[in-house]
Amino acid sequence: MEVQHKGHDGGQTETMNILLTGGAGYIGSHTCVILLEHGHHVIVLDNLCNSKAASLKRVQKITGKNILFYQKDLRNKSEVNEILKNHSIDAVIHFAGLKSVAESVDQPLRYYQNNIDGTLVLCEAMQANGVKNMVFSSSATVYGNPSTVPIKENAPVGPFNPYGRSKLFIEEILTDLYLSDKSWNIALLRYFNPVGAHPGGLIGEDPSDLPNNLMPYISQVAVGKLPQLQIYGDDYETPDGTGVRDYIHVMDLAEGHLNALEKLASDPGLVTYNLGTGKGYSVLEMVTAFEKASGKQIPYKIVGRRPGDIPTCYADPSFAEKELGWMARRGIDEVCADAWQWQYMNPKGYV
Ligand code: NAD
Ligand code: UD1
């Protein structure tokens, strides 16, 4: 795939060449759409270990713009260096990583190796090529079990699984890098629960295995791929006893990356933002919303709690609103309608 240098300005910032590691994945592909629609040039590096190149073809179909795609592993020093050397990259959005909590408990070394080594290689290559603007995909999982909600960015951190710790370690590595050289500009974005899909049903979340997360699981029950949802516990201290989370539409999240890039252009140093909606919904509320959006019944069974789950987690996103001028605009009805459209139009994902 080739970049087309059509170059129209996206409003507030100059047209940028943006490298997206992991850009073929769920959040990356949606962010590609937003960046291309704002006139930026997108270069994707992804080894497709948890995604398909078809997602990028669909992005090109949605936007009518081209993407330059490198199917490479982020841990390959010379290749990452070549890409940074050969393109005049203005900023990197670093999505690439393994993200299953359960898998990280079984295979901690693989998780640390992939997520941390990949980041080190990327930072070295960026440094060597004088590219010092980075947006990093962190997670609300760094807060562990929060003592109060909504969660502010200065709340104590304490993830309790290898995946979450890999995110926190990377945040610390990037902080040390910034402290050693303050010409870096780094935005650490702590995502809450990304859900939904681009409206139109062409791109969405495509779990390669049995879904771990609630929304893709509900979608697959609705479309008849899975027989019923298991709800992990109804005895939490929440209004209906089921877990409460901050479900953020992936398009709102994708837009947050554009705001973060615009912030980096103003030379802010190292900054951390929660990207969430500020509202919490229970599992049962999400089931009801999905039934309404899809017109399908979602059979479910209450089972025991999932190890490592917390009762309640939602963001205080006011800092991002104040500093980035960003806020989530889409609610759970839109989340469910868009997730359903993607699932209904692509019952087997990108296959
Ligand atoms: P995803 O798995 O769909 O995308 C990650 C992409 O990174 C995949 O396309 C994968 O092939 C690629 N990748 C992984 N290791 C790589 C490597 N060594 N070299 C090159 N490419 C590699 O996941 P996503 O949901 O889009 O998440 C993107 C980022 O956001 C991840 O870092 C994830 O940890 C983080 N995050 C996700 C969520 C969520 O719920 N989806 C929540 C918080 C944070
Ligand atoms: C999970 C991860 C978290 C990661 C996030 C986004 C765990 C313990 N946490 O968060 O680190 O950042 O995904 O990728 O895996 N639920 C069910 N039935 C299901 C699936 C989920 O009842 O089949 C419930 C859960 O108990 C929870 C809620 O739905 O209350 C949301 O679960 P999920 O979508 O997996 O997200 P998190 O647990 O918040």
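We did not get these values from a lab; they are worked out from the coordinates using the rules stated. Note that the coordinates shown come from a computational prediction; the quantities given were computed from them, not determined experimentally. Cβ placement follows ideal geometry from the backbone for every residue including glycine, while neighbour counts extend to all protein chains displayed.
Details
- Cα gyration tensor category, rounded, prolate or oblate, for the stretch 27-110 with a/c compared to 1.5: oblate
- Kirkwood-Stokes translational diffusion coefficient of the stretch 111-157, alpha-carbon pairs, 10 °C, 1.306 mPa s, µm²/s: 122
- Sorted largest first, extent of the stretch 275-351 alpha carbons per principal axis (Å): 41, 33, 26
- Rounded to the nearest 20 debye, the dipole size of the stretch 37-98 about its Cα centre is 220 debye, using +1 on the Cβ of Lys and Arg and -1 on the Cβ of Asp and Glu.
- Efficiency of FRET between residue 107 and residue 310 - r from beta-carbon atoms, R0 22 angstrom, step 0.05: 0.45
- Here the chain is treated with +1 on each Lys and Arg Cβ and -1 on each Asp and Glu Cβ, and its dipole about the Cα centre works out to around 700 debye.
- Euclidean distance of C-alpha centroids, the stretch 187-243 and the stretch 162-178, integer Å: 26
- The stretch 317-351: trypsin sites (Lys or Arg not before Pro) in DSSP coil with no more than 11 other Cβ atoms inside 10 Å: 329, 348
- Cα-centre dipole for the stretch 142-282 with unit charges at Cβ (Lys and Arg positive, Asp and Glu negative), debye to 20: 40
- For the pair residue 124 and residue 285 in one chain, pulling the backbone fully straight at 0.36 nm per residue adds 53.5 nm over the alpha carbon distance.
- The three principal axes of the C-alpha atoms in the stretch 105-234 carry coordinate ranges of 53, 38, 31 Å, sorted with the longest axis first.
- Cβ-based charge dipole, the stretch 114-177, positive-most Cα from 175, 160, 116: 160
- Most mobile listed residue (222, 96, 339) in the chain, GNM with C-alpha springs under 10 Å: 222
- Extent along principal axes [Cα atoms of the stretch 217-351; Å; largest to smallest]: 51, 38, 24
- Unit Cα scatterers, Debye sum, the stretch 1-150: log10 I(q)/I(0) for q = 0.14 Å⁻¹: -0.69
- Equivalent ellipsoid semi-axes, the chain, via Cα gyration tensor eigenvalues times 5, rooted, Å: 31, 23, 19
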